[in-house]
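Only one structure is covered here, and it is reproduced in the block below.
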Amino acid sequence: MRETELSAHDFVLPLFVSEKLEKRRPIASMPGVFQFSLSEIADEARRAQDIGLQAVLLFGIPAQKDEQATGAYAENGVVQKALRAIKAKCPQLVVMTDVCLCEYMSHGHCGVTRIDGDHFHVMNDETIELLIETALSHATAGADIVAPSDMMDGRIGAIREALDANNLDQTSIMSYAAKFASVFYGPFREAAESPPQFGDRRSYQMDGANAAEALREVALDIDEGADIVMVKPALPYLDILWRARERFAKPTAGYHVSGEYAMIKAAVEKGFMDERTAVLEVMTSLKRAGADIIITYWAGELAEWTRN
Ligand SMILES: [Zn+2]
């Protein structure tokens, strides 16, 4: 009689790869989550495949940052090297890559910025040019799915067009379609080493109070050619996930983010709740609300917990 069943195929594991590391480094605010070195990342991806996961989502941390985010689209950038290593070791594994500039920008914003007195602006169209370069270089290095997380206007259509024009029409796009400005991203910024050095991301991420706007953003990304649309964070925006899945009937992803992870981990450490029971309940709620894909730091454990 059970309506919602979870399996390993529902989950995508985010993986952080750092050019600065010789060996894995734990992320303090996310117990059990690591940054991996380039020499370890393919083994880690292989481990994910061996426990039954079908996909990973790759984030890179470069050795150098600059004002043009050159590491994001360098042929020998950290993600590009990691992709080639992973695809050599486990060609069957679906590799998704985060396409954004914030990890590679010295100022930590998701786009090219211009300071204007007391204000700063993120330059939408200049940013899109660099996002196109990034997506093309990931696809060329072996990414199956590119996942733009920047929230610039018009970037999905521009990336789709560039991929198609470069014989990369088999590369899919998962768009961070409704990405809300959220306190729950806090721990991730330690993981990805990408906190903004000034200002915040409220000018390009969404206001958590706006549901109709979120649906318009999702509609735009679908029109521009997104194959999968994502709602992020997941649990505080379950209603958006539900409405997006119901309205558009597109493959829909929910990103259960670092703060959502850290919150349960902290409660578990204090003995306030059982980890496995709590995580399974949350993941069931996400799938019930319409998530075809759930991106979660518990993907590895969930592959085991849902085995029967
Ligand atoms: Zn970003």
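The values are calculated or read from the model by the stated rules, or taken from the named source; none is laboratory data. On a predicted model such as this, the values are computed, not experimentally measured, just so you know. Methodologically, a virtual Cβ is constructed for each residue, glycine included, from the backbone with ideal geometry; neighbour enumeration extends over all protein chains shown. Heads up: the accessible areas ignore ligands, DNA and RNA and are worked out on the full protein's heavy atoms, side chains in. Shrake-Rupley method; radii C 1.70, N 1.55, O 1.52, S 1.80 Å.
Taking the alpha carbon gyration tensor of segment 229-308, multiplying each eigenvalue by 5 and rooting it gives semi-axes of 23, 14, 10 Å, largest first.
For the chain, the alpha carbon convex hull comes to 132 Å³ per residue, rounded to a whole number. Distance between the pseudo-spin-label points of Arg114 and Trp242 (7 Å out from Cα toward the beta carbon): 4.3 nm. Tally the DSSP beta bridges in the chain and give the antiparallel ones as a percent, rounded to 5. Within the chain, antiparallel bridges account for around 15 percent of the total.
All alpha carbon pair distances within segment 48-117 were sorted into 5 Å bins beginning at 0; the resulting P(r) in whole percents reads 4, 16, 23, 19, 14, 11, 8, 3, 1, 1, 0. Beta-bridge orientation, segment 9-128: approximately 30 percent antiparallel, per DSSP, counting only bridges with both partners inside. Taking amide H positions as modeled 1.01 Å from N, with prolines and chain starts lacking one, the residues under 5 Å from Glu19 and 5 or more places away or on another chain are Ile61, Ala63.
With an 8 Å cut-off on Cα pairs and a minimum separation of 6 or more residues, tell me the relative contact order of the chain in percent.
Relative CO of the chain lands at 20 percent.
Note on Lys270/Arg24: beta-carbon distance plugged into 1/(1 + (r/R0)^6) with R0 of 30 Å gives a FRET efficiency of 0.70.
Can you compute the charge dipole magnitude of the chain about its Cα centre, using +1 on each Lys and Arg Cβ and -1 on each Asp and Glu Cβ, nothing else charged? Give it in debye, rounded to the nearest 20.
Numbers: 31 positive and 46 negative charges, 176 e Å.
In total the dipole reaches around 840 debye.
Computed over segment 253-299, the Cα gyration tensor eigenvalues convert (square root of 5λ each) into semi-axes of 20, 11, 7 Å, ordered from largest to smallest. Heavy-atom accessible area with a 1.4 Å probe sorts Glu44, Glu67, largest first, into Glu67, Glu44. Of the beta bridges in segment 1-78, as assigned by DSSP with both residues counted there, near 15 percent are antiparallel.
Take the Cα coordinates of segment 41-82, assign each an equal point scatterer, and use the Debye formula without solvent to give log10 I(q)/I(0) at q = 0.17, 0.18, 0.26 Å⁻¹. Cα-only, vacuum Debye calculation for segment 41-82: -0.55, -0.59, -0.87. Phi-derived couplings, Karplus 6.51 cos²θ - 1.76 cosθ + 1.60 at θ = phi - 60°, listed residue by residue for segment 117-122: x, 7, 9, 10, 10, 9 Hz, with x used for Gly and Pro. Under the rule a/c < 1.5 gives rounded, and otherwise a/b versus b/c splits prolate from oblate, where does segment 16-174 land using the Cα gyration tensor? Since a/c reaches 1.5 but b/c is at least a/b, the shape of segment 16-174 is classed as oblate.
Place the peptides 146-152, 209-215, 268-274, 296-302 in order of packing, highest mean first, counting for every residue the other Cβ atoms within 10 Å and averaging per peptide.
The peptides rank, most packed first, as 146-152, 296-302, 209-215, 268-274.
A simple rule links phi to the HN-Hα coupling: the Karplus curve 6.51 cos²θ - 1.76 cosθ + 1.60 with θ = phi - 60°, which for segment 193-205 gives 6, 10, x, x, 7, 8, x, 9, 9, 5, 6, 10, 9 Hz, with x for Gly and Pro.
Backbone phi angles across segment 88-99, fed through the Karplus curve with coefficients 6.51, -1.76 and 1.60 (θ = phi - 60°), yield HN-Hα couplings of 6, 8, 9, x, 6, 5, 6, 10, 9, 10, 5, 10 Hz in residue order; Gly and Pro are listed as x.
Charged neighbours of Leu302, selected by a Cβ distance under 13 Å, balance to -3 (K, R count +1; D, E count -1).
Accessible area of Glu217 (1.4 Å probe, protein heavy atoms only, ligands and nucleic acids ignored): about 40 Å². The helix-only estimate of mean residue ellipticity at 222 nm for the chain, built from DSSP H runs of length n ≥ 4 each weighted as -39500 (n - 2.57), is -12000 deg cm²/dmol after division by the residue total. Note on segment 173-249: the alpha carbon radius of gyration divided by the globular reference 2.2 N^0.38 Å gives 1.14.
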